[in-house]
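Engineer: Dumping the structure here so I can ask a few things about it.
Every number here is computed from the coordinates shown, using simple stated rules; none is lab data. Small disclaimer: the values here were computed from a predicted structure and weren't measured. As a convention, Cβ positions derive from the backbone with ideal geometry for all residues, glycine included, and neighbour counts pool all protein chains shown.
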Amino acid sequence: MMHLPLLVLLLVGGRHHASATATAEGNDESDIIIISTFAKLPHKSFYSLQYSVEGCNNSTASASWVNLDGFLSGMNSTSYHSASSNNPNNVTCAEAAVCASLFDPTHLCPDMGTFVGEVSEETGDVMLDYMQFTDDYTHCSISGWYNNCYYEYESLDALTSNPDLLANSNPADLEAMKDFIYYVYYEDDICTEPASIWSSVDGEVVTVDIVSNYTEYSCAVRSACALDPNASICKAVRDGPGHNATFVSITEPDKSTGEQAVYVCDTSNAEVAQDECSVISPRDCIASSHIHGCHLRFFSGPTLAKYPRVLIGDMTGLPTADSDVSNRFDQESSASKAFSLVCHVLSLVGIISAITA
């Protein structure tokens, strides 16, 4: 396991602990109605997929997926993107669409589009109510939000039945995707049945709500906060304001496999007997410390694109990492990242000036 400096553990891995008797935020009749209504939806989430080549992976020749953004069915959803002046034509699709990968894009991506989406029971396609028009968005179109991108919307069922929708082997795209990190929650403890997918980027500070109740409902219901912390379903299932966990994921090249690996610092892992800062293999199926009863896997953008069937637990072709962490990572690079991370966290809590005074 890789360990970051203690200062990172104390500041980045901090968590407001919920008491043993913590209940959901409201836990009243209106919350139960919201949860039970959402639970009855056959499709809880859907995804916007960005591609660098026309065709959107609808043929082998167009395998060019670069990122995805997840949304909750039946809820008011917002997609963020950069202003056109900040989205020049000479960038790759992955660079242009970074807003779709940020866990919190609001500070970097000022423009937005709002819509309500659901998955058609008849066709399985994603239908969006956008700008007072309802249309089928499961077809490849040129993006008006991200330069040099094409996009389409797909259901989670579509992604699990055809993971190659997430395939890409183009070296330029993979290089541009190396800072993207994907978190997949699963219904089962061997991580073969995806419940939801969400993302962040290398070094981004992520705060997620704790959901320890309502375990009679599926992981797809209880992981709603990861897709939209402002949604009514999230406010109904979460333990309440202040009951959350903060962590940072970082990507580094793994010298033993040649793959872009992920390591995570999160002190809430102690409750499920995991190290606070750990190298996370894409093979690892981990009990979630944030959403009780869910399991999850971590994938870097290049790993998910090169081996898309890892989404459903098929590790065919995925290299096996060296068990000795010291042989796997560039320690100088990792130390530099860790120092930058410390500075970033210190600035967030407002004590940089105290140290340098």
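Engineer: Between SER36 and ASN230, how many nm apart are label points set 7 Å from Cα along the C-beta direction?
Structural biologist: With each label point 7 Å from Cα toward Cβ, the separation is 2.9 nm.
Engineer: Mind pulling up the Rg/Rh value for region 213-260? Radius of gyration and Kirkwood radius, both on Cα.
Structural biologist: 1.20
Engineer: Using only the C-alpha atoms of region 162-320, find the volume of their convex hull and express it per residue in Å³. Don't jump to the answer; show the numbers that get you there.
Structural biologist: Values: hull volume 18.2 nm³, N = 159.
Spelled out: Cα convex hull of region 162-320, divided by residues, is 114 Å³.
Engineer: Still on this model: Counting Lys +1, Arg +1, Asp -1, Glu -1, what net charge surrounds SER196 among other residues with beta carbon under 13 Å of its beta carbon?
Structural biologist: -2
Engineer: Give the lysines reachable from LYS255 as a straight Cα distance under 29 Å; neighbours fewer than 8 places away on the same chain don't count.
Structural biologist: LYS178, LYS306, LYS337
Engineer: Would you grab the residues whose amide H sits under 5 Å from the one on ASP125? Only those 5+ places off in sequence or on another chain, please, with H modelled 1.01 Å from N.
Structural biologist: Amide H to amide H, under 5 Å and 5 or more residues apart or across chains, ASP125 pairs with SER120.
Engineer: If you line up the Cα atoms of region 112-241 on their principal axes, what length do they span on each, largest first, in Å?
Structural biologist: 42, 37, 30
Engineer: In debye, nearest 20, what is the charge dipole magnitude of region 147-265 about its Cα centre with +1 on Lys and Arg Cβ and -1 on Asp and Glu Cβ, if you could check? Present the calculation step by step, with values, prior to reporting the outcome.
Structural biologist: Details: 5 positive and 20 negative charges, 82 e Å.
Around 400 debye, computed over region 147-265.
Engineer: Name all residues of region 151-190 having a backbone nitrogen under 15 Å from the label point set 7 Å from the Cα of HIS139 along its Cα→Cβ direction, giving them as ranges.
Structural biologist: 151-154
Engineer: I would also like to ask the following. Could you tally the net charge around SER48, taking each other residue with its Cβ under 9 Å from the Cβ of SER48, Lys/Arg +1 and Asp/Glu -1?
Structural biologist: Every neighbour counted, the sum reads -3.
Engineer: Continuing with this model, one more query. Can you give me the pair-distance distribution of region 37-150, C-alpha pairs, 5 Å bins, whole percents?
Structural biologist: 2, 12, 19, 23, 21, 14, 6, 2, 0, 0
Engineer: Multiplying the sequence separation of GLN132 and ASN58 by 0.36 nm and subtracting their Cα-Cα distance, what value in nm do you get?
Structural biologist: Working: separation 74, 0.36 × 74 = 26.64 nm, distance 2.85 nm.
Here the answer is 23.8 nm.
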